[in-house]
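Colleague: I'd like to ask you about the structure that follows.
The values are calculated or read from the model by the stated rules, or taken from the named source; none is laboratory data. Fair warning: this is a prediction, and the values are worked out from it, not measured in the lab. We place every Cβ from the backbone using ideal geometry, glycine too, and count neighbours over all the protein chains shown.
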Amino acid sequence: MHLTSPSRRDFISQGVRLTAAGSLLAAGMSAAAPSHSSAAAPISTPPPRVDHYQLLNVRLEEGFEREGNDIIATRTALYDITVKDGKFAAIEAAGKARNADIPQWDAEGSLLLPRTRDMHIHLDKTFYSGPWQAPRPRQGKTIMDMIAREQVLIPQLLPTSQARAEALIGLLHSKGTTEARSHCNIDPVSGLKSLEHLKRALANHPEFPCEIVAFPQHGLLHSKVDGLMREAMQMGVQYVGGLDPTNVDGAMQASLDAMFQIALDFDRGVDIHLHETAPSGMAAIQYMVDTIAKNPPLKGRVTLSHGFALATLEGKTLDKMIAGMAEQQMSVASTIPIGKLTMPLPQLQAAGITVMTGTDSVIDHWSPFGTGSMLEKANLYAQLYRGSDEFGLSRALHIATGGILPLSNQGERQWPKVQDDASMMLVEASCSAEAVARISPVRATFHSGMPVFSV
């Protein structure tokens, strides 16, 4: 019998599935199991909800430790941090400048990291916080089959959609996320009700700033929702969405033209779901690049979500497509998928294209596997793009935080600084490399200085 070794991608794919399962088990066991991390024990008292306070004994990264040319560890120290009016007001060595006249909270050595951002999620349609429900079998089903399933499901979800969206916000806060971009269904079944419910949920959580994308999940042309999309823009939605213009709408140019026209008419950005691979996916991306070039108001305001067609390209063909996207200042939102195709995220970033990540589905009729953790996304990024060493792991954090890292590539502390926005999380880890590698538990989350989660 001839035995073959699995490819690196297949091996990672299997390992990541085990890692995700392990993370979920760990999350459920964390309250009972002792931590073997070198960081602090769980914090038991909530931080103060006031505008002026001190965090004591906070662990900050100070630099890299080297052995020859290799970075082998991260040097940290304890600090006392003063927060005032949502910003870092002072950062002093622990014990040097404590002020007993304002509330103080002991972080007990927990590591301070920037807050994370979930830039592709669907808060409006989820099974989360409801009874367990697995997705129906997907084998042999097309996206049109899934749309038909959703047409039945959406009326069942609407009565609880606001409450479940608020529960999801709580989950994201518990994972260190304080801001997001949520796609919201605009379809003939729900009309504008999903949007109305999502806006009410967000209004109840002003500490969770969230952009909304009007998402024609059943096809912009296929479901004839151009009018509803325009009404959504009048309700203050920030982005015009789109979906697979060939596979769903059956008319690539007409679908993309309709999407872009709404954006131009209302001076909005665009964030389109494009799952299509070659050749229709490549044609759609090129058409978007060309359209932006002809319409300067769109430049720098178009996000390609998923963009799986890019994973089918290589060599000069990929370079040319990336160059065109970079020239039009397009951004990419990727869930960092694991499978037969690997997204060229490092190449996109090397060309200056902003790459964001997000949960997509926590648990819904599409997928049951989302955890809401952007640290987990950073972990996937490190695994896929060979970042298993101290330096690579610490750099992978950028995909979760929107590019904010505690240390520069040279090992100089660049965050936090006095007068920076105090949106942050405390994690049970000794350094950011450990936090990414082990998907360390979040102990507290703060939005502009205000605590939104703690354990």
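Colleague: Of the numbered conditions (1) touching a Leu at 6+ places or on another chain (Cβ under 8 Å); (2) assigned by TED's automatic domain parsing to the domain that holds Ser448; (3) charged (D, E, K, R), Arg395 fails exactly one; give the number of that condition.
Modeller: (2)
Colleague: May I ask you to say which residue of Leu397, Leu405, Leu375 is surrounded by fewer than 23 Cβ atoms within 10 Å (Cβ to Cβ), touching a Ser or Thr at 6+ places or on another chain (Cβ under 8 Å) and not polar (S, T, N, Q)?
Modeller: Leu405
Colleague: Still on this model: Scan (1) over 23 Å from the mean Cα position of the chain (by Cα); (2) in a loop (DSSP other than H, G, I, E, B); (3) in the same structural domain as Asn204 (by TED's automatic domain parsing) for the single condition Thr126 breaks and write down its number.
Modeller: Unmet condition: (1).
Colleague: Another one. Within the group Ala90, Ala100, which residue is surrounded by fewer than 16 Cβ atoms within 10 Å (Cβ to Cβ), without any contact (Cβ under 8 Å) to a residue 12 or more places away in the chain and over 19 Å from Cys184 (Cα atoms)?
Modeller: Result: Ala100 is the single residue among Ala90, Ala100 that is surrounded by fewer than 16 Cβ atoms within 10 Å (Cβ to Cβ), without any contact (Cβ under 8 Å) to a residue 12 or more places away in the chain and over 19 Å from Cys184 (Cα atoms).
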